[in-house]
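**Q** Here it is: the structure, laid out below.
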Amino acid sequence: MGGVEERLGVELAGAYLCSIAAHVAILQTAMSTPFVHVLVINWNGREHLEACFESLIKQTYENLRIVLLDNASTDGSVEYVQERFGSDPRVEILECGENLGWSRANNVGMERALGAGADYIFLLNNDTSTAPDAVERLVEFARVHPKAGAIAPKMLLFDQPWLINSVGIACTIVGGAWDEGLGRVDGPRWAEPKQVLGVCGGAMFLRADALRAVGLLPGDFEIYLDDLDLCLRIWDAGYECWSCPSAAVRHKFSATMGEGARAHRKYYLNTRNRARLMLRNFPSGRFVGIVAHYAVSEIRAVGRAAASGAVWKAVAHVRSWIAALAYVPKAVRHRRSVAAKSRAIGTFWGLVRADRHFFPGIELPKRGWYTPIQRDWTAQGHSEDVQVHPISSCATADVPAGELSVTHANCYPQLGATRIELRLNGRAIAALRSDGSPRTERFETEGGTLEFFARAIFEAESTGERYDIGGWVALDKPNTQ
């Protein structure tokens, strides 16, 4: 019996030691795995929080803290997250107590994250849904690129995820900024990582060490261009900004300015903050050229506003000039503080665009359909003009039962043929191809959802259009709204 007991004791001791070793290994893994804080900024956005938090709790990356950063919501946002997701130990709620706006609220969250030992901070808008492996891919990208201080995931339009929202921020010599890739069809050209001037604050992955080196967002910007200001300072601190297209985030982007006072406020803040961005960050050795471009761009902008009857826009520009002059002393103090750290200002300048002053604009489709165009195909034998809708790489329409007429055409046959797969309720019913003038196909259908999938894309660079096009189509009495 003694021998049996002795063997049993040895086995139990061995099992105990193995258990301790396993726990130590788990602890060591946790300690060696970077700690990520996700800050979801929110103000009365309860309607968005389910999709946002559901996607975050499903992340494959485990060493994660998910924080609702609430700006004194009154719509039950805090209570909803507490009840719906509060049982997950990774989920926290940080209430600001008042509406601090985008910059100041995110600063509160980032200060808390840095104090808690975060290695990375992921700023997210509440109207987003994050791919399950997005955080894991961002952390791995940061590991492979140790100088990356800010990383942009590929942001896609929430309801049309074949279209890009942002792969970074572009900026001009007068501070005009926009999302790179906005409205373009996702594809191979957008799949390669690259250095970018800035990262959109709607989904912004930040290295904690970079924040400790440069500070946080400029709180006096309130909103708009504050994300770009941070990125320019990250460049000047010796870090870089990159896009990481393998990490995907869907975003409920809106291209509208809103209406009334809201639109006026947004326009003014954008205009004012362009001047602040330049005063704080653009290289002093370039100021003569910058001021010349700025003067020209402002005169043109005010002229266009006056000509269109938008007097409020002209007033916004005048107000922004006064605000810029008042801001000069503060900008000078900022520049001196940067110089005191033996840092140059404007190391990013090679990425600033001088070919235009402002974003040329983009049209976003509805369910994949763009505004119809009228083309004259009489030279190809048609007796009258034909109206067709350019479509994106995918388009859908609701159609009634009965005979369905589909007209398809090709406005740029010199670039190749259009190739479109047609599906009804998920079932393939036709393959459309066009080398030129309109052609009409007729089908008997049971009604339902009609889908167009373009297998060839006419890129904007080739056509001169403002968007990529998968074909040109007209339907009889469709519902594309």
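**Q** When only residues in region 437-481 that are charged (D, E, K, R), surrounded by 14 or more Cβ atoms within 10 Å (Cβ to Cβ) and more than 19 Å from CYS394 (Cβ to Cβ) count, which is modelled with the highest pLDDT?
**A** Residue satisfying both the conditions and the ranking: ARG439.
Each row is one residue, and each column tells you yes or no for (1) in a helix (DSSP H, G or I); (2) without any contact (Cβ under 8 Å) to a residue 12 or more places away in the chain.
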| site | (1), (2) |
| --- | --- |
| SER246 | no, no |
| PHE253 | no, no |
| ALA261 | yes, yes |
| MET278 | yes, no |
| GLY289 | yes, no |
| ALA305 | yes, no |
| HIS317 | yes, no |
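**Q** Could you look through region 268-287, keep only residues that are among the hydrophobic types (A, V, I, L, M, F, W, C) and either touching a Gly at 6+ places or on another chain (Cβ under 7 Å) or modelled with pLDDT of 95 or more (or both), and pick out the one that is surrounded by the most Cβ atoms within 10 Å (Cβ to Cβ)? Please lay out each step first, then the result.
**A** Initial filter on region 268-287 (among the hydrophobic types (A, V, I, L, M, F, W, C)): 269, 275, 277-279, 282, 287.
Add one more test, that the residue is either touching a Gly at 6+ places or on another chain (Cβ under 7 Å) or modelled with pLDDT of 95 or more (or both), and what stays is 269, 275, 277-279, 282.
Details: LEU269: 19, ALA275: 22, LEU277: 24, MET278: 20, LEU279: 20, PHE282: 22.
That would be LEU277.
**Q** Right, something else. Looking only at region 100-117, decide whether some residue is among the charged types (D, E, K, R) and in contact with a Phe, Trp or Tyr (Cβ under 9 Å, 6 or more places away or on another chain). Don't jump to the end; show me each part of the working.
**A** Within region 100-117, the first condition is being among the charged types (D, E, K, R), and the residues that meet it are 104, 111-112.
Filter once more, keeping what is in contact with a Phe, Trp or Tyr (Cβ under 9 Å, 6 or more places away or on another chain): none.
For region 100-117, residues among the charged types (D, E, K, R) and in contact with a Phe, Trp or Tyr (Cβ under 9 Å, 6 or more places away or on another chain): absent.
**Q** Can you tell me which condition SER73 does not meet? The list is (1) within 20 Å of LEU232 (Cβ to Cβ); (2) of a type outside the set (Lys, Arg); (3) crowded, with 18+ Cβ neighbours inside 10 Å, and all the others hold.
**A** (1)
**Q** Could you grab the pairs with beta carbons closer than 6 Å, sequence gap of 6+ or different chains, first residue in region 198-225 and closer than 24 Å to TYR327 by Cα, second one charged (D, E, K, R)?
**A** Pairs found: GLY201/ASP227; VAL214/ARG233; LEU217/ASP226; PRO218/ASP226; PRO218/ASP229; GLY219/ARG104.
**Q** Every residue in region 132-161 that is of a type in the set (S, T, N, Q) and without any contact (Cβ under 8 Å) to a residue 40 or more places away in the chain, please.
**A** The initial filter retains those residues of region 132-161 that are of a type in the set (S, T, N, Q), namely 160.
Once the filter is applied, which keeps residues that are of a type in the set (S, T, N, Q) and without any contact (Cβ under 8 Å) to a residue 40 or more places away in the chain, region 132-161 yields nothing.
**Q** How many of the residues in region 167-180 are open to solvent by 10 Å² or more (accessible area, probe 1.4 Å) and assigned to a loop (DSSP other than H, G, I, E, B)?
**A** 2
A quick yes/no check of all residues on (1) in a helix (DSSP H, G or I); (2) of a type in the set (D, E, K, R); (3) more than 24 Å from PRO245 (Cα to Cα); (4) within 20 Å of the chain's Cα centre (by Cα):
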| site | (1), (2), (3), (4) |
| --- | --- |
| GLN59 | no, no, no, yes |
| ALA105 | yes, no, yes, yes |
| LEU114 | yes, no, yes, no |
| LEU124 | no, no, no, yes |
| ALA150 | no, no, no, yes |
| PRO153 | no, no, no, yes |
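**Q** Okay, moving on. Anything in region 49-76 that is more than 19 Å from PRO132 (Cα to Cα) and touching a Phe, Trp or Tyr at 6+ places or on another chain (Cβ under 8 Å)? List them, or say none.
**A** The first filter runs over region 49-76 and keeps only residues more than 19 Å from PRO132 (Cα to Cα), leaving 69-76.
Answer for region 49-76, where residues must be more than 19 Å from PRO132 (Cα to Cα) and touching a Phe, Trp or Tyr at 6+ places or on another chain (Cβ under 8 Å): ASP70, ASN71, ALA72, SER73.
**Q** Turning to a different aspect of this structure: Would you be able to say whether some residue in region 77-96 is among the charged types (D, E, K, R), part of a strand (DSSP E or B), buried (at least 19 other Cβ atoms within 10 Å of the Cβ) and touching a helix residue (DSSP H, G or I) at 6+ places or on another chain (Cβ under 7 Å)?
**A** no
**Q** Let me ask something else. From the list ILE164, ILE121, exactly one residue is open to solvent by less than 20 Å² (accessible area, probe 1.4 Å), in contact (Cβ under 8 Å) with a residue 40 or more places away in the chain and over 25 Å from THR74 (Cα atoms). Which is it? Explain how you work it out, then say what you get.
**A** Details: ILE164 fails: in contact (Cβ under 8 Å) with a residue 40 or more places away in the chain.
That would be ILE121, the only listed residue that is open to solvent by less than 20 Å² (accessible area, probe 1.4 Å), in contact (Cβ under 8 Å) with a residue 40 or more places away in the chain and over 25 Å from THR74 (Cα atoms).
**Q** Something else about it: Within region 338-352, can you find the residues that are within 26 Å of ALA295 (Cβ to Cβ) and either surrounded by 15 or more Cβ atoms within 10 Å (Cβ to Cβ) or in contact with a His (Cβ under 9 Å, 6 or more places away or on another chain) (or both)?
**A** VAL338, ILE345, GLY346, THR347, PHE348, TRP349, LEU351, VAL352
**Q** Oh, and also: Quick one: what pairs do we get from region 50-69, first residue modelled with pLDDT of 95 or more, second among the acidic types (Asp, Glu) and open to solvent by 10 Å² or more (accessible area, probe 1.4 Å), C-beta under 6 Å, 6+ apart or different chains?
**A** ILE57/ASP88; THR60/ASP133; THR60/GLU136; TYR61/GLU136; VAL67/GLU92
**Q** Scan region 231-243 and tell me whether some residue there is over 30 Å from GLY368 (Cβ atoms), at pLDDT below 95, of a type in the set (Gly, Ala, Ser) and not in a strand (DSSP E or B).
**A** Pass one, region 231-243, residues over 30 Å from GLY368 (Cβ atoms): 231-242.
Subset that is at pLDDT below 95: none.
No; the residues of region 231-243 include none that is over 30 Å from GLY368 (Cβ atoms), at pLDDT below 95, of a type in the set (Gly, Ala, Ser) and not in a strand (DSSP E or B).
**Q** Something else now. ILE345 - would you say it is at pLDDT below 95 and among the β-branched types (Val, Ile, Thr)? Talk me through it step by step, then tell me what you get.
**A** On the way: at pLDDT below 95: yes; among the β-branched types (Val, Ile, Thr): yes.
Against the criterion (at pLDDT below 95 and among the β-branched types (Val, Ile, Thr)), ILE345 qualifies.
**Q** Collect the residues in region 196-213 that are in contact with a strand residue (DSSP E or B) (Cβ under 6 Å, 6 or more places away or on another chain), open to solvent by 10 Å² or more (accessible area, probe 1.4 Å) and not in a strand (DSSP E or B), keeping them in residue-number order.
**A** Correct list: CYS200 only.
**Q** Let me ask something else. Name the single residue, out of those in region 300-337 being more than 26 Å from ARG262 (Cβ to Cβ) and among the charged types (D, E, K, R), that is most open to solvent (accessible area, probe 1.4 Å). Walk me through how you get there before you give the answer.
**A** The initial filter retains those residues of region 300-337 that are more than 26 Å from ARG262 (Cβ to Cβ), namely 325, 328-337.
Still in the running and among the charged types (D, E, K, R): 330, 333, 335-336.
Details: LYS330: 93, ARG333: 144, ARG335: 42, ARG336: 169 Å².
That would be ARG336.
**Q** Could you identify the single residue in THR396, THR371 that is β-branched (Val, Ile, Thr), open to solvent by 40 Å² or more (accessible area, probe 1.4 Å) and within 30 Å of the chain's Cα centre (by Cα)? Steps first, answer last, please.
**A** Details: THR396 fails: open to solvent by 40 Å² or more (accessible area, probe 1.4 Å).
So the residue among THR396, THR371 that is β-branched (Val, Ile, Thr), open to solvent by 40 Å² or more (accessible area, probe 1.4 Å) and within 30 Å of the chain's Cα centre (by Cα) is THR371.
The values are calculated or read from the model by the stated rules, or taken from the named source; none is laboratory data. None of the values given here were measured: they were computed from a predicted structure. As a convention, Cβ positions derive from the backbone with ideal geometry for all residues, glycine included, and neighbour counts pool all protein chains shown. The accessibility values were calculated without ligands, DNA or RNA, using every heavy atom of the protein model including side chains. Shrake-Rupley method; radii C 1.70, N 1.55, O 1.52, S 1.80 Å.
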